[in-house]
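The values are calculated or read from the model by the stated rules, or taken from the named source; none is laboratory data. Keep in mind the model is a prediction, meaning the values are calculated, not measured. Positions of Cβ are backbone-derived with ideal geometry, glycine not excepted, and every protein chain shown enters the neighbour counts. Accessible surface areas use protein heavy atoms only, side chains included; no ligands, DNA or RNA. Shrake-Rupley method; radii C 1.70, N 1.55, O 1.52, S 1.80 Å.
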Amino acid sequence: MPRGAGKKVVMALDKKVGDTLNAQINKELYSAYLYLTFADYYEEEGLEGFANWYEIQAQEERDHALIFRNYLHENGCKVKLLAIAQPDKEFSSYLEPLEAALEHEKYVTSLINDIYAAALEAHDYRAQKFLGWFIDEQLEEEDNADTMITNMKLFGGDPKGLYDLDQACAARVYTVPSPLAGK
Ligand code: FEO
């Protein structure tokens, strides 16, 4: 078989769409890294439920990276993995990581919007449809992050309230996101 004969023949993605999709793999992996630092902090503080919540969050972020990677492969694009930045977060209160999470998710939403804008400009309807899942996901991510902050402010100052919050976070279980189900 001639070299390259096994490669997929698919219409090439617009360069900006392809580049931003590829960059998003890195952003999602960074998100996983960031949330692992949150899990570490809560683990060290003895809040194992919160640690569980952010371990699962980190797992979801890795999944998001895989979804972008798979999409690029399905479209015959080369994936280029970039260096992941080191999250250097030091926290001085239980609330701080929660506020950092909301801030970070808003940033990720802006990145998804930028990719969508590039897909709109390129008349790439397939990418727009693909990104629809992430647009919905970001609404959920921001809402979850906001609820965590509200709950901590309302109940976290009281030992019993904090214990209950930690127990609720401990109950979170990982589920495979629908774009990866069956892959
Ligand atoms: Fe991949 Fe938390 O967004």
- Task: Using the structure shown, decide if PRO87 is assigned to a loop (DSSP other than H, G, I, E, B), within 16 Å of the ligand (Cβ to nearest atom) and of a type outside the set (Val, Ile, Thr).
- Result: yes
- Item | Filter result (open to solvent by less than 50 Å² (accessible area, probe 1.4 Å) and outside any loop (DSSP other than H, G, I, E, B)) within region 171-183 | PRO179, LEU180
- Query: In the set LEU162, LEU120, LEU98, LEU81, which member is within 16 Å of the ligand (Cβ to nearest atom) and out of contact with any His (no Cβ under 9 Å at 6 or more places or on another chain)?
  - Reply: LEU98
- Taking region 140-163 and keeping residues open to solvent by less than 70 Å² (accessible area, probe 1.4 Å) and part of a helix (DSSP H, G or I) leaves GLU141, GLU142, ASN144, ALA145, THR147, MET148, ILE149, THR150, ASN151, MET152, GLY161, LEU162
- Qualifying positions in region 60-99 - over 24 Å from LEU131 (Cα atoms), open to solvent by less than 50 Å² (accessible area, probe 1.4 Å) and in contact (Cβ under 8 Å) with a residue 24 or more places away in the chain: PRO87, PHE91, LEU95, PRO97, LEU98
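For (1) part of a helix (DSSP H, G or I); (2) closer than 27 Å to ALA127 by Cβ, each residue gets a yes or a no:
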| residue | (1), (2) |
| --- | --- |
| LEU29 | yes, yes |
| LEU34 | yes, yes |
| ARG62 | yes, yes |
| ALA65 | yes, yes |
| GLY76 | no, yes |
| VAL79 | no, yes |
| SER92 | no, no |
- Among (1) more than 16 Å from the ligand (Cβ to nearest atom); (2) assigned to a helix (DSSP H, G or I); (3) in contact (Cβ under 8 Å) with a residue 24 or more places away in the chain; (4) farther than 30 Å from LYS153 by Cα, which single condition is ASP19 missing? (3)
- Query: Across region 123-139, which residue is least open to solvent (accessible area, probe 1.4 Å) among those that are without any contact (Cβ under 8 Å) to a residue 12 or more places away in the chain and either aromatic (Phe, Trp, Tyr) or not in a helix (DSSP H, G or I) (or both)?
  - Reply: HIS123
- Taking only region 40-59 into account, find how many residues are open to solvent by 30 Å² or more (accessible area, probe 1.4 Å) and in contact (Cβ under 8 Å) with a residue 40 or more places away in the chain. 5
